[in-house]
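Notes follow once the structure below has been shown.
The values are calculated or read from the model by the stated rules, or taken from the named source; none is laboratory data. This one's a predicted model, so the numbers in the text were calculated from it and none came from an experiment. Cβ placement follows ideal geometry from the backbone for every residue including glycine, while neighbour counts extend to all protein chains displayed.
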Amino acid sequence: MVKFLPSLDGRAGVKIGSTQTANQERMRELLIPTAPIVIDPGTYRWRVGFANLDKPKSSFLTETSMLNGTAVEEDGRIKRFDSTELSLKYFERYVNHALRFLHCDPHSVSLCLALPLAFTPAYRNQLAEVLLEHTGVKSIFFASQPLLSGFSSGKPTCLVVDSGYSYSSVYGLFDLYPERSSEIIYSLGGRNIDTYLKQLAGVKLNDSTPAEIDYIKSHFCSVASKPLSSSPSKKSSKNAQSCQMPDGQLLKLGNELKLAPELIFSPGLNGYTKVPSMETAVLEAASQLPNEKSNALLTNVILSGGNSKFKGLEQRLKAALPNCNVQSHLAKDLGVWRGGQIFASMPTFSSMVITRERWKEYGEDIVQKKWL
């Protein structure tokens, strides 16, 4: 997978006098990866690894506040993502963090980076400059997150519903060709469910940290088989479930565990009146295409992203869309990374990347030409 580069201070053959010194010497060595590095920068959790491995080597949380102000919304839909000085620093910081974790020499790295659909051309170009000039990677390739998720689903014609931490998106592929007119991004994701869960639980979760709320959501919440009312049932206490936290603490929670994810199908429960429900977004996306393509896409509606892990979500969406074939991505929240891994493993990948030299020669034009 990797081979060693000589230590940075050039002291090849230095005599090692202790285990500690040996470890220090090894830490001075960087690795030259023999496979591209794939990064899925989810808003909340990044996944990084080598293209010749089936799973990411690592995942880590990021400081999402650095992305504040990048999403331009209109009527509950995200129209585009604009760059800010802080958002560019966000990518620089966490790409560097990923390369340090993988212990790779940036100048030897060919990087496949998944990005949200609605990044503006200017944002992608500025990001290319940051990665090629500041981080110093050898080459880059940008691909849209839902495209990669669809690519790894094994369904060349499909409608990908990628529901993550900050937002959800719907995107169509027809014979692996991106149908950009079907693109819908709306501002509802896992963080909205976290907020609603804490609000519903009241004093029971008043002192809980964001990480604890996320743990409860991930391990104990599920989607109801039928629509729920806007407030916990009076029987909620009778239906209380014991939720054991990692520190051993036991929490008693009831209908909140089902009502919080209900936002996916009824955003208005917590005031998101302009945000579409998941089934509405699916039908709206498909309706942007000619009937023949629309019908073909609806035969393969693929659920991916972190929220696809909710128990009951696939069954509920099937009930809401009885004339569609709905199925969960086998890789669920790893669908995007797996798509990047498969794509970066293709023999043609090396001819598709943007090198520093080509970026300097062609600039923004090549960044847009290479965008998938």
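Here are the numbers for this structure:
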{"read-out": "Close pairs from segment 161-173: first outside the structural domain of Leu117 (by TED's automatic domain parsing) and at positive phi, partner buried (at least 24 other Cβ atoms within 10 Å of the Cβ) and in a loop (DSSP other than H, G, I, E, B), Cβ under 6 Å, at least 6 apart", "value": "none"}
{"read-out": "Output for segment 164-181, where each listed residue is crowded, with 24+ Cβ neighbours inside 10 Å and farther than 22 Å from Tyr90 by Cβ", "value": "Val170, Tyr171, Gly172, Leu173"}
{"read-out": "Tally, over segment 65-109, of residues that are touching a Phe, Trp or Tyr at 6+ places or on another chain (Cβ under 8 Å), in a loop (DSSP other than H, G, I, E, B) and surrounded by fewer than 18 Cβ atoms within 10 Å (Cβ to Cβ)", "value": "2"}
{"read-out": "When residues of segment 188-213 are limited to those that are over 22 Å from the mean Cα position of the chain (by Cα) and small (Gly, Ala, Ser), the one surrounded by the fewest Cβ atoms within 10 Å (Cβ to Cβ)", "value": "Gly202"}
{"read-out": "Asn307 surrounded by 24 or more Cβ atoms within 10 Å (Cβ to Cβ) and among the polar types (S, T, N, Q)", "value": "yes"}
{"read-out": "Single residue of Gln241, Gln249 found to be farther than 29 Å from Val161 by Cα, touching a helix residue (DSSP H, G or I) at 6+ places or on another chain (Cβ under 7 Å), modelled with pLDDT under 95 and of a type outside the set (A, V, I, L, M)", "value": "Gln241"}
{"read-out": "Answer from Ser294, Ser351 - the residue that is crowded, with 17+ Cβ neighbours inside 10 Å and free of Cβ contacts under 8 Å to residues at least 40 places away in the same chain", "value": "Ser294"}
{"read-out": "Residue identified as touching a strand residue (DSSP E or B) at 6+ places or on another chain (Cβ under 9 Å), part of a helix (DSSP H, G or I), surrounded by 22 or more Cβ atoms within 10 Å (Cβ to Cβ) and of a type outside the set (Gly, Ala, Ser) among Ile185, Ile216", "value": "Ile216"}
{"read-out": "Hits in segment 143-181 - residues which are polar (S, T, N, Q) and more than 17 Å from Ser277 (Cβ to Cβ)", "value": "Ser144, Gln145, Ser149, Ser152, Ser153, Thr157, Ser166, Ser181"}
{"read-out": "Hits in segment 238-272 (condition: over 16 Å from Leu317 (Cα atoms), among the hydroxyl-bearing types (Ser, Thr, Tyr) and surrounded by 11 or more Cβ atoms within 10 Å (Cβ to Cβ))", "value": "Tyr272"}
{"read-out": "Any hit, segment 44-58, residues being within 24 Å of Ala281 (Cα to Cα), out of contact with any Ser or Thr (no Cβ under 7 Å at 6 or more places or on another chain) and assigned to a strand (DSSP E or B)", "value": "no"}
{"read-out": "Scope segment 188-212; condition closer than 25 Å to Leu298 by Cα, in a loop (DSSP other than H, G, I, E, B) and among the small types (Gly, Ala, Ser); matching residues", "value": "Gly189"}
{"read-out": "Within segment 111-137, tally of residues that are surrounded by fewer than 19 Cβ atoms within 10 Å (Cβ to Cβ), within 22 Å of Leu148 (Cα to Cα) and of a type in the set (Gly, Ala, Ser)", "value": "1"}
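Let's see how each residue does on (1) out of contact with any Lys or Arg (no Cβ under 9 Å at 6 or more places or on another chain); (2) free of Cβ contacts under 8 Å to residues at least 40 places away in the same chain; (3) under 24 Å from Arg358 (Cα atoms):
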| residue | (1), (2), (3) |
| --- | --- |
| Ala51 | yes, no, yes |
| Ser58 | no, no, no |
| Arg77 | no, no, no |
| Lys89 | yes, yes, yes |
| Pro106 | no, yes, yes |
| Leu117 | no, no, yes |
| Thr120 | no, no, yes |
| Thr135 | yes, no, yes |
